[in-house]
Amino acid sequence: GTSDYSGTSGTSSEEDLDQKVEDDKVVVEQNLIGKWVPQIASKKVGMEADGKVWDADAIYEEHQELANEYGTSQVLLLKSEDYASYRQPGYYVTVIDSSYDNPDDALQWCTFHSLDADHCYAKQINTTGGPDGTTRLQK
């Protein structure tokens, strides 16, 4: 597929996002399957949140900001449809590469970084089973 983006140099944000997902997939599959992680963002193109409609540019920008804040090697991007833990396809999900055996430890990460329940919760990353019981919110 060739795309003719006029006036932009190089790749589109959507291509950048998908490339990052591909790059991070190795790490996710090595480190996080069956584990609990802090999930700090989940955005879908066209969704409305935080007072704006999100497009690929905004999603990529947010992911970059989170990577800058928490460390590039620590911040991973995945797509919801690649894992059984997510109900809805099409979401770009930002998680932290810190895996825990239980959700409370992942939630402690959230608390430690002063992230509220809307911006950080515990998610179990699975390739089998379903989404039930894979999310734990802060109290």
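The values are calculated or read from the model by the stated rules, or taken from the named source; none is laboratory data. Fair warning: this is a prediction, and the values are worked out from it, not measured in the lab. In this analysis, Cβ positions are derived from the backbone assuming ideal geometry, glycine residues included, and neighbour counts consider all displayed protein chains. Note: accessible area is taken over every heavy atom of the protein model, side chains too, but ligands, DNA and RNA are not part of it. Shrake-Rupley method; radii C 1.70, N 1.55, O 1.52, S 1.80 Å.
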### Message
Condition first: in a helix (DSSP H, G or I), under 10 Å from the mean Cα position of the chain (by Cα) and closer than 23 Å to Glu15 by Cβ. Can you find one or more residues in the range 38-58 that meet it?
### Response
no
### Task
Would you be able to say whether some residue in the range 92-107 is farther than 24 Å from Gln19 by Cβ and open to solvent by 80 Å² or more (accessible area, probe 1.4 Å)?
yes
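Matching residues to (1) at pLDDT 95 or above; (2) among the aromatic types (Phe, Trp, Tyr); (3) assigned to a loop (DSSP other than H, G, I, E, B):
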| position | (1), (2), (3) |
| --- | --- |
| Tyr60 | yes, yes, no |
| Glu65 | yes, no, no |
| Glu69 | yes, no, no |
| Ser85 | yes, no, yes |
| Val95 | yes, no, no |
| Trp109 | yes, yes, no |
| Asp118 | no, no, yes |
| Gln124 | yes, no, no |
### Query
Counting only residues that are on the phi > 0 side of the Ramachandran plot and in contact (Cβ under 8 Å) with a residue 40 or more places away in the chain, how many does the range 98-138 have?
1
### Message
Please verify whether Lys35 is within 29 Å of Thr11 (Cβ to Cβ) and either open to solvent by less than 70 Å² (accessible area, probe 1.4 Å) or touching a His at 6+ places or on another chain (Cβ under 6 Å) (or both), treating the condition exactly as stated.
### Response
no
### Message
Let me confirm something: among Glu29, Glu48, Glu22, which residue is open to solvent by 50 Å² or more (accessible area, probe 1.4 Å) and touching a Phe, Trp or Tyr at 6+ places or on another chain (Cβ under 9 Å)?
### Response
Glu48
### Pick from the range 126-139, criterion open to solvent by 50 Å² or more (accessible area, probe 1.4 Å) and farther than 17 Å from Ser42 by Cβ, ranking: modelled with the lowest pLDDT
Lys139
## Note on the structure
Taking the range 58-73 and the residues there that are open to solvent by 60 Å² or more (accessible area, probe 1.4 Å) and of a type outside the set (Ser, Thr, Tyr), the one that is farthest from Pro38 (Cα to Cα) would be Glu61
### Query
Is there a residue being of a type in the set (Asp, Glu) and surrounded by 12 or more Cβ atoms within 10 Å (Cβ to Cβ) anywhere in the range 113-120?
no
